[in-house]
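The next block holds one structure in the form of structure tokens; read it before the comments.
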Amino acid sequence: TQLLEQSPQFLSIQEGENLTVYCNSSSVFSSLQWYRQEPGEGPVLLVTVVTGGEVKKLKRLTFQFGDARKDSSLHITAAQPGDTGLYLCAGRLSGTYKYIFGTGTRLKVLA
Amino acid sequence: DAGVTQSPTHLIKTRGQHVTLRCSPISGHKSVSWYQQVLGQGPQFIFQYYEKEERGRGNFPDRFSARQFPNYSSELNVNALLLGDSALYLCASSGRRDVAYEQYFGPGTRLTVT
């Protein structure tokens, strides 16, 4: 069974703080995507990482793909209330077109 | 350009009934995937279709079936509904066949089974 463990599950922080969300698996991924989802809506793609060790930045968000392509992290600098939402990682299993999703990290940023 | 569209947005059914959910991919995308998202969990993969052929299937019972049409739109059918089928059903489309294979999601169909 392929699993993608995401941590922490819940995070409540003050505006201006930094945070990191982790995504770990024993499976190797061809690529990994991070999404943000609002209640009752579909996930919105934030970034795709493909190469082991790759780092991508999107304004205050920094995404990293592990060297072995089994894990990833999302770091948010100076969090703002607008960052509040459910963050999901999804890894595409190597040799397939199938994605497995993490359980998600529910982030709340307090003003 | 329109994104992925799904219909209906909400649906209430009774146990034992059957339901059909519909999805139209982003223009030019040939692949559609279906996911089930139960409250508080990440999406679970159900099916993937590419150019009308099933390319992948998740661990769901045979009550779940799908198909893709020549215009690349897709239907997900669920028979003999159970209370546990209540969930947000998401459709994702993809146009890239390279290693990135990015998926773009629709707004989902909220199915409630009573």
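Any read-out appearing in this document is the output of simple, stated calculations on the displayed coordinates, not a laboratory observation. Being a predicted model, the structure only gives us computed values, none of them experimental. In this analysis, Cβ positions are derived from the backbone assuming ideal geometry, glycine residues included, and neighbour counts consider all displayed protein chains.
Site-free segments of chain B were taken between trypsin sites (Lys or Arg not before Pro) in DSSP loops having at most 14 other Cβ atoms within 10 Å, sites themselves excluded; the longest one is B:16-51. By the rule of a C-alpha distance below 14 Å, with chain neighbours fewer than 8 residues away ignored, the aspartates and glutamates paired with A:Lys59 are A:Asp83. Split chain A at each of the trypsin sites (Lys or Arg not before Pro) in a DSSP loop with at most 13 other beta carbon atoms within 10 Å, and the longest piece is A:1-58.
Taking each of A:Lys98/B:Lys30; A:Lys70/B:Lys30; A:Lys70/A:Lys98 in turn, the alpha-carbon distance tops 21 angstrom for A:Lys70/B:Lys30.
Over segment A:15-69, Cα pairs under 8 Å with separation of 6+ residues give a relative contact order of 27 percent.
The mean sequence distance of close C-alpha pairs (under 8 Å, at least 6 residues apart), as a share of the length of chain A, puts its relative contact order at 36 percent.
Under a model in which nothing but the beta-carbon of Lys, Arg (+1) and Asp, Glu (-1) is charged, the protein assembly as shown shows a dipole of about 280 debye around its Cα centre. Mean separation of Cα pairs under 8 Å and 6 or more residues apart, divided by the residue count, gives segment B:5-98 a relative contact order of 37 percent. Put the Cα centre of segment B:17-57 next to the Cα centre of segment A:35-66 and the gap is 21 Å. When the charge dipole of the protein assembly as shown is built from unit charges on Cβ atoms (+1 for Lys and Arg, -1 for Asp and Glu) and taken about the Cα centre, the candidate among A:Val109, B:Thr9, B:Asn77 whose Cα reaches farthest toward its positive end is B:Asn77. Rounded to the nearest 20, the size of the Cβ-charge dipole of segment B:5-98 about its Cα centre is 60 debye, with Lys and Arg at +1 and Asp and Glu at -1.
Of the GluC sites (Glu not before Pro) found in segment B:1-110, those in coil by DSSP whose Cβ has at most 11 other Cβ atoms within 10 Å are B:Glu51.
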